[in-house]
Amino acid sequence: MNIFSENLAKFEKLEKSIINICSFNNLKCEFIQGKILSIENTNISFIEPHRVIIKIKEKKLLLIYYDQENLFLYNRYMPLEIKKLDALL
């Protein structure tokens, strides 16, 4: 059984918005590249989303996103917009 990994497309505009918000609020952020994992000779695949870790003092805030329109706080059940992220920080 072979597992293939492929990088998920990055969205520079969304990442720049997050970087701008973090720099305005004097916070540090780290981006982790998402991946598409698929198993050879099957129709099974798994999408690992992009992750953004924002460090606020000793705490960490985790954001995940798949594309430009879907940004979530911690998991897929907490959608988040850039305006709300700015107000949250």
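The values are calculated or read from the model by the stated rules, or taken from the named source; none is laboratory data. From a predicted model like this one, the values you see are computed outputs, not experimental measurements. Virtual Cβ from ideal backbone geometry, glycine too; neighbours counted across all protein chains shown.
For segment 28-44, the count of residues that are more than 21 Å from Ser5 (Cβ to Cβ) and either buried (at least 16 other Cβ atoms within 10 Å of the Cβ) or modelled with pLDDT of 90 or more (or both) is nonzero. A count restricted to segment 21-52 and to residues that are over 20 Å from Ile64 (Cβ atoms) and in contact with a His (Cβ under 9 Å, 6 or more places away or on another chain) stands at 0.
Look at segment 60-77: where a residue is β-branched (Val, Ile, Thr) and a partner is part of a loop (DSSP other than H, G, I, E, B), sitting 6+ places away or on another chain with Cβ atoms under 9 Å, you get Ile64/Gly34; Ile64/Pro49; Ile64/Asn70; Ile64/Tyr74; Ile64/Asn75; Ile64/Arg76. Under the condition of being within 15 Å of Glu30 (Cα to Cα) and loosely packed, with under 12 Cβ neighbours inside 10 Å, the residues counted in segment 60-73 number 1. Do we find a residue being surrounded by 11 or more Cβ atoms within 10 Å (Cβ to Cβ), within 14 Å of the chain's Cα centre (by Cα) and polar (S, T, N, Q) anywhere in segment 8-19? Within segment 8-19, one or more residues are surrounded by 11 or more Cβ atoms within 10 Å (Cβ to Cβ), within 14 Å of the chain's Cα centre (by Cα) and polar (S, T, N, Q).
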